[in-house]
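Please read the structure below before turning to the comments.
Bear in mind that the values in this text are calculations on the coordinates, not laboratory data. Computed from a predicted model, the values in this text were never measured in an experiment. Don't worry about glycine lacking a Cβ; one is built from the backbone with ideal geometry, like all the others, and counts go over all protein chains shown.
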Amino acid sequence: MPEAIEHLVYTGSSGSYSSLISLDCEIRGLVRASRMPSPYIELDYQTEPSFLQVLPVYGHHHDMILVRPPGYATLAGLGIRSLRRAWLSGKAADIGYLHHLRFLPQIRGGPYLLKGYRALRRACCQKPVPLTITSILEDNRTARDVLENKRAGGAMPSYIPVSRFLTALIPLRGPGIRWPLRYRSVAGQRETLRRLTAADLPQLIDLFADFGRCYDGAPVFTAADFSEAADGILSGLDITAMLGIFENSRLLAAIGIWNQQSYKQIVLSHLCLPLHIARCLWQAGRVFWDSCPVPAVGERVDSVLLDPWAVRPGYERRLMPTLLRAAVVEAQKSGSLFAAFGVAEKNPAVNAVNSVIFLPYWSIIYQVCWPETLLYDFTDRHLQLANLGAL
């Protein structure tokens, strides 16, 4: 790599920077070496066996800023802006998602953060979009302190908080036959809940479009995305992994049970002392109530995502608790330890999480912009902002 800062555009096609394949191992190593700290549970997000295999889940176009200072044999910094289709003001548009901002600890206080952002700024100006967002764990004070304060005469963009985003981690194993459901579900007499089939695809696409026209940032899906052989934005998910609620044969709500572990893994790298003690006590009595749903440090978190999901506008509070509980039951059948459900704090479906036992994991969704890039106005719109599977 001739320059300390390099901008590569990756689109997933075979002709797009074939040399980037040789960097795949370095990128994965950098991600492992730059874990995001938390005082309670620290998770190591891995992308084995290939980082490139994961990128289509984030979008169809990727501006990759690679940082390799002189004297470094491997990659020392990374930042990516991915473009994906989403709903804005009732119309489909490309939006940007800033992710995998990683720097080795030894260069975080140096000039390369600003140099990387200057390169990212140029990329955003070369291919502008009406909105760029990012997500940062609420507990990650180190990153927030750096990114929330503008520095260096505008080299850093403005990070404007838009909404908190809840990731509900739902332990699927625990005491009691009803675990982790808080109460018995009462479905309406005209409602039918079942797995979707290929025949339901037109209604499913219409449901996501109806949902997206009301919720800014909701993903745009096409019929091809739910193909069994799809390896794009819904890699590993097809329509038969979706649950739906019907009323008089009309699809009103749907949610996926999405296993991404073949290309994205979560490893538990740290437990705070109280949680460590609680796990040890649970394990001591596992003969009575099964093994603890929290894995040991160093073990993979066997999990599925309850994503993507959509509800006809106006039905969120009525149907989402039933849909979420049914998805949890289906996730238990897969043998996973955890299910994860994500929703913006201001979305009326957020109260559905109170129907299950869960651990809250809060992030902040920011709008990212420079003076010359667009600032989107969310004032009069409901917010979805992102689907968990692409965060």
Check your understanding: Using alpha-carbon positions, what is the distance between the centroids of the range 282-340 and the range 83-148, in Å?
Key -> 30 Å
Revision key, fill the gap. By the C-alpha gyration tensor axes a ≥ b ≥ c (rounded if a/c is under 1.5, else prolate when a/b exceeds b/c, else oblate), the shape of the range 109-149 is oblate
**Study point:** Distance cut-off 33 Å, percentage of C-alpha pairs in the chain lying past it
**Key:** 32 percent
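In percent, how large is the relative contact order of the chain, given Cα pairs closer than 8 Å and 6 or more residues apart?
Working: 817 pairs, mean separation 91.5, N = 391.
For the chain, the relative contact order is 23 percent.
Tell me the mean residue ellipticity at 222 nm calculated for the chain from its helices only (DSSP H runs of n ≥ 4, each -39500 (n - 2.57), averaged over every residue, nearest 500).
Details: 8 runs with 86 residues, N = 391.
Counting only the DSSP helices, I get -6500 deg cm²/dmol.
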**Study point:** lysines with Cα under 21 Å of K346, excluding same-chain neighbours fewer than 8 positions away
**Key:** K91
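Can you give the direction-averaged projected area of the convex hull of the alpha-carbon atoms in the range 69-131, in nm²?
Details: hull surface 20.5 nm².
Taking the Cα atoms of the range 69-131, their convex hull projects to 5.1 nm² on average.
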Point to revise | the range 5-160: radius of gyration over Cα atoms, expressed as a fraction of 2.2 N^0.38 Å | key: 1.04
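Based on the Kirkwood radius over alpha-carbon pairs, what is the Stokes-Einstein translational diffusion coefficient of the range 259-391 at 25 °C with 0.890 mPa s viscosity, in µm²/s? All intermediate terms of the calculation are to be shown ahead of the outcome.
Values: Rh = 17.5 Å.
Answer from the Stokes-Einstein relation: 140 µm²/s.
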Check your understanding: Ranked from highest to lowest mean number of other Cβ atoms within 10 Å per residue, what is the order of the peptides 279-290, 360-371, 319-330?
Key -> 319-330, 360-371, 279-290
